[in-house]
Amino acid sequence: MPPAPAADGFSSEMYEDSSVDATARVVDAGSDGDERTVEAALRPRRLSEFPGQPRVRDQLALVLEAAKRRGSPPDHVLLSGPPGLGKTTLAMIVAAELEKPIRVTSGPAIQHAGDLAAVLSSLMEGEVLFLDEIHRMSRAAEEMLYLAMEDFRVDVIVGKGPGATAIPLELPPFTVVGATTRAGLLPAPLRDRFGFTGHLDFYATHDLVRILHRSARLLEVDADEAGIGEIARRSRGTPRIANRLLRRVRDWAQVHGRSVVDQDAAHAALALFDVDDRGLDRLDRAVLEALCRRFRGGPVGLGTLAVAVGEEAETVETVAEPFLVREGFMVRTPRGRAATGLAWQHLGLTPPPGTDPMLTPLPFDGGEGRLGS
């Protein structure tokens, strides 16, 4: 099948197992296209262009450079961290730096050992296999991956019962790049087979400013320093969110006849999209409102809190809670979730008498927040 443009902005060849052989190509970010194509166009292509994460970037650069000098594939790479911080981008950069093709698939797509065997048996020497959400692979596929990563072979089972035969299949050397948002769910035998593990942290505000300046240039958006800074401060330390907010502010400016994305435009647009000056969105504020107004600051159980805001418990736990806890608006206690003094202060409310003194308001630094410190 000839290569065809992929929705994520990479030239790709589709395989029978639904994995993709993706090669980076230049995308005109200013042209019409869907959101995913524009998002892919904003991704840096080389480590030297990758902003933030200096420790992971420098460590990974050393691993790749040493492998290129040896003329052999590098050790397998595991990237962990919250969504939107650049794990997929780094996987694409690994392939670009090695000048090798990359095969893209995901853990949920590999539910049987045969699915993984089909992917592995078609790899070329030096190819990069990117497994997104690797912690969601089935146990049978994980056990096959152990052997493939360590000995570069798989055992294909033919037949069933006592008459079953294992046929060893030798594989060319390749590199697995695994990405996970929940590294603790990876079994130790799989985690130990990665020669390099990098954890991506949330970005400081000044790094997001650099990212937004580059994105504005690619999107042909005229934005001043104040407007870029305002968007960066409300982006929760996450480049994906920063780029999305930049596009929404751009849309607002175009519709309202504003030629420059300035601080006033950013304020108005982000208010329209329910993103406040600390980066809290509708769900975040609904959680805090429920905690403070309905449950007097808590503690309250996750299930009860989820019912109060009309969301699934998993949504509250994985989408809203990490940011609220990290920024000091909420704490997790043995008896449930509780609002801190900062949450009461942010909502403009007064804590009721008898509030835990450990949950007193924290000083606010005027806009940078903990992400910028």
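Listed values, structure above:
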read-out: Amide hydrogen neighbours beyond the local backbone of Val177, cut-off 5 Å, H modeled; value: Val77, Leu129, Phe130, Leu131
read-out: Positive dipole terminus of region 37-81, leading residue within Pro74, Pro54, Pro44 (C-beta point charges); value: Pro74
read-out: Gain on full stretching of the segment that runs from His267 to Arg247 - 0.36 nm per residue minus C-alpha separation; value: 5.8 nm
read-out: 19 Å cut-off, amide nitrogen to a point 7 angstrom out along Val325 Cα→Cβ, residues in region 219-252; value: 236-238
read-out: Spatial extent of region 136-286: Rg and Dmax, with the Cα atoms as the point set, Å; value: 24.0, 75
read-out: Under the Karplus curve 6.51 cos²θ - 1.76 cosθ + 1.60, θ = phi - 60°, whole-Hz ³J(HN,Hα) for region 113-128, x wherever Gly or Pro sits; value: 4, x, 4, 5, 4, 5, 5, 5, 5, 9, 6, 9, 4, x, 5, 9
read-out: Distant-in-sequence amide H partners of Glu312 (H built 1.01 Å from N, under 5 Å); value: none
read-out: Descending semi-axes in whole angstrom, ellipsoid equivalent of region 205-272, from the Cα gyration tensor; value: 17, 12, 10
read-out: Amide proton proximity set for Leu123, modelled H, under 5 Å, gap of 5+; value: none
read-out: Residue-by-residue Karplus 3J(HN,Hα) for region 313-325, coefficients 6.51, -1.76, 1.60, Hz, glycine and proline x; value: 4, 5, 5, 4, 6, 9, 9, 8, 4, x, 5, 5, 5
read-out: Once the Cα gyration tensor of region 73-138 is diagonalised, semi-axes √(5λ) in Å; value: 19, 17, 8
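Bear in mind that the values in this text are calculations on the coordinates, not laboratory data. Computed from a predicted structure; not experimentally measured. Virtual Cβ from ideal backbone geometry, glycine too; neighbours counted across all protein chains shown.
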